[in-house]
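Engineer: One structure coming up, written as C-alpha cells, with questions to follow.
The values are calculated or read from the model by the stated rules, or taken from the named source; none is laboratory data. Given the structure is predicted, the values throughout are model-derived calculations rather than measurements. Glycine also receives a Cβ, built like all others from the backbone with ideal geometry; neighbour counts cover every protein chain displayed. Side chains included, ligands, DNA and RNA excluded: accessible areas come from the protein's heavy atoms. Shrake-Rupley method; radii C 1.70, N 1.55, O 1.52, S 1.80 Å.
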Amino acid sequence: MELNEWRDVFVISYSIAGTIAFVLIVLFTIVIGVLSVMTINRTRGILKNNVQPTIESVRQTSESVRGTVEFISDYAVTPVVKTYGTVAGARQFIVVLMRLGRSRKGG
C-alpha cells in the first residue's frame with residue numbers, strides 16, 4: 001500500500017472512532033441527566049414525606065412548650081415573685097421600724 005492509501009485508512013478509521021466516541025458521549029450524557037433528574041425527584045419525595053412532617057411535629061412541640069412556659073409563668077412564677085417581693089418589703093419595713101425604735105431609745 002502506498003502512503004496515500006494508508007492516509008485514507010487512518011482518516012476513515014479516525015472518523016469512525018470519532019463518530020462512535022461522539023455517540024457514546026451523547027448516550028452517557030443522557031443517562032447521567034436522567035439519573036440526576038431521578039435523584040432530585042427521589043430527594044424531593046424524601047423531603048416531602050419524611051422531613052416535612054418532622055418539622056411540623058417540632059413546630060407543634062415548640063408551640064406546646066411555649067404555652068406551658070406561659071402557663072407556668074402566669075400561675076406559678078409570677079405569684080411567687082410577687083409574694084416574695086411583698087415579704088421582702090415587709091421585712092425591710094420591720095427593719096426600718098426597729099432602727100427607728102432603737103434610735104429613739106438611744107437618742
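Engineer: What FRET efficiency, computed as 1/(1 + (r/R0)^6) with R0 = 30 Å and r the Cβ-Cβ distance, is obtained for residue 48 and residue 68, rounded to the nearest 0.05?
Structural biologist: Details: r = 30 Å, r/R0 = 1.01.
Rounded to the nearest 0.05, the efficiency is 0.50.
Engineer: Can you tell me what the convex hull of the Cα atoms of segment 3-107 projects to on average, as an area in nm²?
Structural biologist: The Cα convex hull of segment 3-107, projected and averaged over all directions, gives 18.0 nm².
Engineer: Also, quick follow-up: Expressed in nm to one decimal, what extension gain is obtained for the pair residue 28 and residue 104 from 0.36 nm per residue of sequence separation less their Cα-Cα distance?
Structural biologist: So the extension gain works out to 17.0 nm.
Engineer: Something else: Over the chain, with the other protein chains present, what is the accessible area per residue in square angstrom, probe 1.4 angstrom? Before the final figure, lay out each step's value.
Structural biologist: Working: 9830 Å² over 107 residues.
For the chain, the solvent-accessible area averages 92 Å² per residue.
Engineer: Then there is this: Over the chain, with a Gaussian network built from C-alpha contacts below 10 Å, which listed residue (95, 81, 69) shows the highest mean-square fluctuation?
Structural biologist: In the Gaussian network model the winner is 95.
Engineer: Another question, if that's okay. Under a GNM of the chain (C-alpha, springs under 10 Å), which listed residue has the highest mean-square fluctuation: 66, 42, 91?
Structural biologist: In this elastic network of the chain, the residue with the biggest mean-square fluctuation among 66, 42, 91 is 91.
Engineer: Taking all protein chains in place and a 1.4 Å probe, what share, in percent, of the accessible surface of the chain do carbon and sulfur account for?
Structural biologist: Carbon and sulfur atoms account for 69 percent of the accessible area of the chain.
Engineer: Where Lys and Arg each count +1 and Asp and Glu each count -1, what net charge lies around residue 73 among other residues with Cβ under 13 Å from its Cβ?
Structural biologist: 0
Engineer: In whole Hz, what ³J(HN,Hα) sequence does segment 86-95 give by Karplus (6.51, -1.76, 1.60; θ = phi - 60°), x for Gly and Pro?
Structural biologist: Those phi angles translate into 5, 4, 5, x, 5, 4, 4, 4, 5, 4 Hz.
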